[in-house]
Amino acid sequence: LDTRRLPRPDTEAYARRQYAAPTNALEAKLAQLWQQNLGVAQVGIDDNYFAVGGDSIRSIALAAQAKAMGIPFMVRDLFVNPTIAGLARAMAAGDVAVEAPDTDMATETEAFDLISDEERQALLDQFS
C-alpha cells in the first residue's frame, strides 16, 4: 500500500467547520473516544469520522475502545452512521449491532477441520 498516494484529510476545512458540542452523556463519551482515536483536540457531534481523518483500520480500534467503555457498536455501524450524533441516535434506538453475528464455523470448527483427510495426512507425513 502506497500511503503517500492516499488523500490527506482537509485540515483547513476541519478547522473552519461549525462545532456542535455533545448534548448528552453518550455523545460526550463518543466525542472523547473519537478525539483520542483521531488525535485531534475537538470533535463535534456533526463531524464525519472519515472526513476528520478516520479510516477503516482506525474504526476497528475505535469500536474496540468503545466496547471496552461499555458502549459497543460494530464497525459497520460507524460506516452507516459516521457522525457522533447519528451513531448515538442509532444506538439509542437499538439500531446498532452490539456483537458480530454468530456463524456455524466460529463455534464448531476445530483446527484443520476444513482440509480433507488426505491433505491432513500429507501434512502429518511432511512434518513427521
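Given R0 = 25 Å, the distance between the Cβ atoms of ILE60 and THR23 translates into a calculated FRET efficiency of 0.40. Amide H to amide H distances under 5 Å link GLY44 with ALA20, where only residues 5 or more positions off or on other chains count and H is placed in the peptide plane.
We did not get these values from a lab; they are worked out from the coordinates using the rules stated. Bear in mind the structure is a predicted one, so any value in this text is a computation, not a measurement. Here the Cβ is made from the backbone with ideal geometry for all residues, glycine too, and neighbour counts use every protein chain on show.
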